[in-house]
Structure formats: structure tokens, C-alpha cells
Amino acid sequence: MSATDSFRLGVLVSGRGSNLEAILNKSREGYFARLQVACVVSNRPSVRALDIAAEHGVPGFTVLPRDYPRLDSYESEVERVFNDHGVNLIALAGYMKIVGPHLLKRYMERIVNIHPALLPSFPGLHGQRQAVEYGVKLSGCTVHFIDAGVDTGPIIAQRAVPVFDYDTEDSLSDRILVQEHQLYSESLKRITEEKWEIHGRIVRFL
Ligand code: GRF
């Protein structure tokens with residue numbers, strides 16, 4: 001990755017959009033030197049994330065998987081929207097769908113995700129609930145590139161938060177979310193402004 005590239009970010013969402021909002025707020029403040037949010041695509045209709053995109057003047061689109069016969073054809077349409085907006089980096093922000101081979105191949109090492117646990121612990125759904133139920137004393141969030149597995153790709157950054165004895169899924173989620181909102185933008189800034197390489201599972205900043 002060359003530090004002179006400029007990046008147009010496509011954001012995939014499914015719901016609330018608080019991570020999208022944090023990224024857009026940072027963008028508005030001029031935090032990113034080489035990154036612009038180009039468009040937002042939701043796989044669910046009428047979600048708050050699309051309102052947030054509109055509030056920031058970013059084009060938002062809904063592409064419903066049920067309108068397409070196969071995952072590939074759904075993802076081809078998502079790709080078409082991204083192509084129309086010059087997207088060369090993708091952020092998953094509460095995107096509640098597995099990314100299939102079509103997008104993975106097209107955007108190899110160019111799709112990042114945030115997960116609300118310290119991977120490889122507690123992948124998949126409800127990372128915060130899994131952490132509370134397991135009784136760990138430390139959890140957090142992970143920003144990583146995606147690969148064909150569920151939350152298994154090379155790790156870009158992690159941040160830890162304490163888990164207290166009286167925590168519930170909601171209280172831990174709130175504590176982690178504060179860190180998510182910082183870590184996602186910090187990670188996007190690093191991968192768009194610094195040089196890095198991926199060696200096996202290791203993301204190495206040069
Ligand atoms: C976040 O907790 C994120 O880590 C997970 O889904 C949630 C999305 O929240 N992948 P939001 O839509 O960004 O508010």
C-alpha cells in the first residue's frame with residue numbers, strides 16, 4: 001500500500017450506523033488526509049444509517065438481497081454502485097451479512113470490519129453477550145481485514161475495555177462502542193496514510 005494513494009470509502013451497513021456516523025464526523029472535521037466517504041450501501045430498507053449518510057451529504061443506496069437470485073448477483077449490484085462512486089476501500093459498519101466470494105475477490109485486502117470483541121475470542125454474533133457469559137475480565141473491539149471466514153481476517157488494531165462482575169450485554173456493549181467509534185477511524189487513517197503489508201496473518205506497518 002502506497003502512502004500516496006487516495007481512498008474512496010464505500011460503507012456497507014444494515015442498521016443503526018453509529019460507527020458510520022463516527023467516521024463521517026471525523027471526516028467532516030478534516031481528520032482524514034487521504035480518505036473520503038464516497039457512498040453508503042445498506043442491505044436493509046429504511047435504516048438509520050442511511051439517514052446519517054443523507055445528513056452528511058453522502059449518497060446512500062439500498063440493495064436488497066431478496067431482489068437477486070443469488071449472493072453473487074446481489075454482490076455484483078453492490079459492486080456496480082461502488083464502481084459508480086469510485087470506491088477502492090470498503091468498511092463494514094454493522095453489516096449483518098457474510099461477504100461472499102464476489103466482493104472478496106474484487107476487493108482483496110481492501111475490506112475492513114469492526115468486531116465488538118477481542119478476536120479470536122467471541123467471533124460471530126453477539127460478541128459482547130458471549131464475553132459476559134464466559135466471564136472474561138477483559139474484552140474490547142477489533143478492526144480487521146476480512147477473509148472468507150467469520151471474523152478471522154488479519155488484525156489491524158485492537159482496544160481493550162474491562163468487563164465488570166455486574167456487566168450486562170448492554171452495559172458492556174456501551175463501553176465497547178465508545179472505543180469502536182475511536183478505533184475504527186484511527187485504523188482507517190492508518191491504513192490510508194501509512195505504508196503497510198500483510199504477511200500471512202500479520203498486518204505490518206512499515
Ligand atoms: C457494532 O457493535 C459493530 O462492532 C458490530 O455491529 C455493531 C454496529 O453498530 N459489527 P452500528 O450500526 O455501527 O451502530
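Assorted remarks:
- Principal-axis tilt of helix 169-193 within the chain, Cα atoms, nearest 10 degrees: 50 degrees
- Spatially close Lys pairs in the chain, defined by Cα atoms under 27 Å apart and a spacing of eight or more places or different chains, total 7.
- Considering every alpha-carbon pair of the chain, the percent of pairs per 10 Å bin, from zero through the bin containing the longest distance, is 9, 35, 38, 17, 2.
- In order along the stretch 104-117, the Karplus-derived 3J(HN,Hα) couplings, from 6.51 cos²θ - 1.76 cosθ + 1.60 at θ = phi - 60°, round to 4, 6, 5, 10, 4, 6, 10, 10, 10, 9, 10, 10, x, 6 Hz, and Gly and Pro are given as x.
- Longest to shortest principal axis, alpha-carbon extents of the stretch 1-96, angstrom: 40, 28, 19
- Each of the peptides 13-26, 150-163 was scored by the mean count of other Cβ atoms within 10 Å over its residues; in descending order, highest first, they stand as 13-26, 150-163.
- One equal scatterer on each Cα of the stretch 90-206, no solvent, Debye formula: the resulting log10 I(q)/I(0) at q = 0.09, 0.21 Å⁻¹ is -0.24, -1.16.
Computed from the coordinates by the stated procedures, all read-outs in this text should not be read as laboratory data. Keep in mind the model is a prediction, meaning the values are calculated, not measured. Virtual Cβ from ideal backbone geometry, glycine too; neighbours counted across all protein chains shown.
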